[in-house]
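Some notes on the structure that comes next.
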Amino acid sequence: MKKMIYAVKQGRKTGIFNDWWKCSAQTDKYSNAKFRRFEYGRGLEQEAEDVPGSLRYAIKEAVDFLGDLVYLGGYADYLEDESWKEEGFLPFGDASEVEEPEFFSDESEEDEEDIGDFDEEPDEWLIDDRNPLGEQMESWEIEYWKIAEDMKKCVMIIQYGHSDTEKITAASDLKTHLERCLDDRNLTDLTAIYRRLRENNAIGYDPPAVAEFVTRMVNRYPKP
């Protein structure tokens, strides 16, 4: 199963991100934004960089794409970078930025207040300042937020509900959401978490995988 990282060469923050929405937040409506995705295999997160399909190999390709941008972290092994462990972000910037190493950990924080959350992945991996979704973005975000919140409530009822009837209804509603999400191309990267893990139970899929999917949905689409 393939996973993705995203390298932003021109954007609000430049560097390597482990999730699409983090990349999109740096590039959407940003003039002359440039970025590209790189694939690696699930389960190959700890393999060496000379192993094609490994995360380190993908990061090496992303670094090559970033070109003259300089790594601003403090570790030779990118995966040991605290920013990657905590935020899924490897900071890269202009060479001039390395003159003030004490500011590495605060790099570009002042820009974050202007960054929004976006959900659609464009067909082209090198884009300019065009917005493929235009003004529909906000309404889409609200709809996904509602779906995420409803699924979260279903999970809570299944786990802590007071009656079997209540739990059965919540499980049925959650299963309906899961099936509909599978048909939504905007959610393909997230639904991959449970897509192939069907089980003969009330929700139709592996419970831990569904719980992870719902958690990531809630994190990706916070309350507008």
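The values are calculated or read from the model by the stated rules, or taken from the named source; none is laboratory data. Here the structure is a predicted model, which is why all the values come from computation and not from measurement. Note that each Cβ is placed from the backbone with ideal geometry, even for glycine, and that neighbours are counted across all protein chains shown. Heads up: the accessible areas ignore ligands, DNA and RNA and are worked out on the full protein's heavy atoms, side chains in. Shrake-Rupley method; radii C 1.70, N 1.55, O 1.52, S 1.80 Å.
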Count of region 188-224 residues which are part of a helix (DSSP H, G or I), out of contact with any strand residue (DSSP E or B) (no Cβ under 8 Å at 6 or more places or on another chain) and in contact (Cβ under 8 Å) with a residue 12 or more places away in the chain: 12
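Of all the residues that make up region 9-26, how many are under 14 Å from the mean Cα position of the chain (by Cα) and not small (Gly, Ala, Ser)?
Number of matching residues: 9.
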Kindly indicate whether any position in region 69-90 is in contact (Cβ under 8 Å) with a residue 40 or more places away in the chain, in a loop (DSSP other than H, G, I, E, B) and closer than 21 Å to SER24 by Cβ. yes
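Do we have any residue at all in region 170-192 that's open to solvent by 90 Å² or more (accessible area, probe 1.4 Å) and at pLDDT 90 or above? Give the derivation first.
Keep residues of region 170-192 that are open to solvent by 90 Å² or more (accessible area, probe 1.4 Å), which gives 180, 183, 185.
Of the ones still in play, those that are also at pLDDT 90 or above are 180.
Taking every residue of region 170-192 in turn, at least one turns out to be open to solvent by 90 Å² or more (accessible area, probe 1.4 Å) and at pLDDT 90 or above.
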May I ask you to say which residue of ILE142, ILE147, ILE127 is at pLDDT below 85, β-branched (Val, Ile, Thr) and open to solvent by less than 40 Å² (accessible area, probe 1.4 Å)? ILE127
